[in-house]
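What follows is a set of notes on a single structure, which appears directly below.
Derivation of every value follows stated rules applied to the coordinates shown; laboratory data play no part. Since the model is a prediction, treat every value here as computed from it, not as a measurement. Ideal geometry is used to build each Cβ from the backbone, glycine not excepted, and the neighbour counts take in all protein chains shown.
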Amino acid sequence: MSELSLVETPIPGLMLITLPVHGDGRGWFKENWQREKMVALGLPDFGPVQNNISYNATAGTTRGIHAEPWDKFVTVATGRVFGAWVDLREGPGFGTVFTTEIDEAVAIFVPRGVGNAFQTLEKDTVYNYLVNDHWSPDAVDQYVLVNLADEKLDIQWPLPLGQAEVSAKDRDHPRLTAVRPVPPRTTLVLGADGQLGRALRVMLPDAEFSTRRDFDLADEASYDRDWSRYSAIINAAAYTDVDGAETTDGRRRAWAINAVAPARLAQIAAAHRITLVHVSTDYVFDGVENSYLDDAPPSPLGVYGQSKAAGDLAVCTAAPQHYLVRTSWVIGEGRNFVRTMAALAARGVSPTVVNDQIGRPTFAGDLAAAILHLIDSPAAFGTYNMSNAGTPLSWADLARVVYQRAGADPGQVVDVTAKEYFLNQDAAPRPAKSVLDLTKLEASGFQPRDWADALAGYPVRATD
C-alpha cells in the first residue's frame, strides 16, 4: 500500500495524487477525498459542491477534450483509464499535454481551463469527479473544446480513435489552432472612481473597474452577474459622509452600503471561491487607545463607524478567503485634506485645523500596493492594518507640513481642539486617536513607507 502523496505535472496546477488503498479478500477501501490531508500536501482547498459519475460499459470508450469553467478532482472507482490533459489557458503553457493511467490508487486535480479527456482500458469502468461549481445549461457555453485527434497534441491513445467509442460531438471539436484560449479569472474593483480605486487603476490595468454608475452596492440588480469570471473582488466603495450618516436618510444609506453590501459580497465570495478584499476604517474604533492592533474589537462612536464595523463582521464571518484591510486618513487622486490645504496655502488663507486628533496618513498608491501584496503573496487571510509608517501627528501638524511644501508660512495654520472646531455643528463623533499598529502587515513581507517620504513625492497641487 502506497502513502498519500502529490506530484506536480508539466501543466501548472495539474496535480497527480497517489491514494492509499486498503485491501483484503473482501475487496478494498480508500479515502477518495480527504480535505485536511490533501490540502496539507499542497492541493488547493477548492471547495467541491457537486459529484459526477461516468459509467462506461466497454473498453475504448473515449470522452473529451473539454476545459470547463471549474476545477475538478478525478478518480476511478472501478476499472482503469488512460487520461489526457491539455492546457487551454492563455499563456506560454497553451497546448501542453500530460497523459497517464488512472486506477483506484491514483487521482488527479484538474484546474479550471485545463482540458480533460480519458479512454477506458477496461469494461465497466466508473470515472468519478468532484467539481466546485454547479453544472447548468449555461455553463456548457463556457466550455473550451479541442479535437481528440489534433495532430499538434499528438496524444498516443492506447486504442486508435478510429476503433474507439467516441461521440459525434467529440469527433467534431476544433483543432488547437482554432481554439480561443481560456482567459484568466480577473479582479473586480468596486468604487473605481475613489482615491483608492484610481490608484488601483494604475496598478491593475487588466482588472474590471466598476463605479457607482454601473454597480450600485445598494441595488440588488447589480449583483446579478457571472461571478465565476472573478478571482478577487476589491471593495473600495463605501458611504463615507461621516456627518451625513447621522441623518435619517444618511443612516439608511450608510448601512446599505457599508454593512448590507459587504455581507452580500461575502456570501458571493464564499459561494464562488473568490478572494474578497474589503477596505475598512479607523472609525470602527473609539480613539481611546494610543494604537490599535489588527484584532482589536470594534468600538465605533458614530453611525458611519458602526455601519463599517457591521460590514467588517459580515466579511470576516462569511467569506473564508478574505483580507479586511483597515486604513486611515487616505490621500490620493481627488479631493482630500492635503489638496485642500495646498489650495488654501496658494490663496494665502490662514486655516483653523484640529490639533487633538492623532493618526497617520495613508497614501492611496501605498494602500493599493499593500492590497496587491496580500492577494499575490501567501499571506494568511484575515485582518490587516495599513497606513503609512512614521511618527503619528495631528491634522494641524500635517497642515503645517503641506503649507511648507507649498512654499507658504506654516505659522499660518491655527490650532483648535475638535470640540472647539465642531462647536454648534451637527457633527458626528470622531476618534481622537487613529494610530494603526502595522506589525502584522510588516510580518507578511510588506513595509509601508514613512508618510513623510510619501508626502515628499506626492504632487501637491492647489486644484485637481
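Which residues in region 201-215 have a backbone N closer than 13 Å to a point placed 7 Å from the Cα of ASP193 along the Cα-to-Cβ line? In region 201-215, the label zone of ASP193 (backbone N under 13 Å from the point 7 Å along Cα→Cβ) covers 210-215. Legend: Rg and Dmax of region 166-236, from Cα coordinates, 17.6, 56 Å. Taken about its Cα centre, region 151-209 carries a charge dipole of about 180 debye when Lys and Arg each add +1 at the Cβ and Asp and Glu each add -1 at the Cβ.
Hull volume per residue, based on the alpha-carbon atoms of region 5-178 and their convex hull, is 121 Å³. Taken over region 36-121, the convex hull of the Cα atoms encloses 108 Å³ per residue.
Amide H contacts for THR275 (H built 1.01 Å from N in the peptide plane; partners 5 or more residues away or on another chain; cut-off under 5 Å): ALA232, ILE233.
Using the average count of surrounding beta-carbon atoms within 10 Å as a protection proxy, the listed peptides 383-390, 282-289, 167-174, 39-46 rank, highest first, as 383-390, 282-289, 39-46, 167-174. Helical content of the chain, expressed as a calculated mean residue ellipticity at 222 nm, amounts to -6500 deg cm²/dmol (DSSP H runs of 4 or more residues, -39,500 (n - 2.57) each, divided by residue number, nearest 500). Descending by average beta-carbon neighbour count within 10 Å, the peptides 315-327, 442-454, 2-14, 397-409 line up as 315-327, 397-409, 442-454, 2-14, the highest first. Using only Cα atoms, locate the centre of region 309-380 and the centre of region 131-148, then give the distance between them in Å, rounded to an integer. Comparing the Cα centres of region 309-380 and region 131-148, I get a distance of 41 Å. Based on the reciprocal of the average 1/r between different C-alpha atoms, the Kirkwood radius for the chain equals 25.4 Å.
Sparse packing (at most 16 other Cβ atoms within 10 Å of the Cβ) combined with a DSSP loop state is found for the following GluC sites (Glu not before Pro) in region 110-185: GLU122, GLU151. Using bins of 5 Å that start at zero, the share of Cα-Cα pairs per bin across region 186-456 amounts to 1, 6, 12, 17, 20, 17, 13, 8, 4, 2, 0, 0, in whole %. Considering amide H positions built from the backbone, and no H for Pro or chain starts, which residues 5 or more places from GLY60, or on another chain, come under 5 Å of its amide H? Excluding prolines and chain starts, which carry no amide H, the hits are THR120, LEU121, GLU122. Normalised Debye scattering of region 246-323 at q = 0.18, 0.27 Å⁻¹ gives log10 I(q)/I(0) of -0.72, -1.18, counting only Cα atoms as equal scatterers and leaving out solvent. Excluding same-chain neighbours fewer than eight residues apart, the lysines reachable from LYS440 by a Cα-Cα span under 29 Å are LYS37, LYS308. Solvent-free Debye calculation, one equal scatterer per alpha-carbon of region 108-206: log10 I(q)/I(0) at 0.14, 0.24 Å⁻¹ equals -0.76, -1.42. Placing one equal scatterer on every Cα of region 320-464 and applying the Debye formula, the log10 ratio I(q)/I(0) at q = 0.11, 0.20 Å⁻¹ is -0.46, -1.20. Working from label points 7 Å from Cα in the Cα-to-Cβ sense, the PHE94 to PHE422 distance is 5.6 nm.
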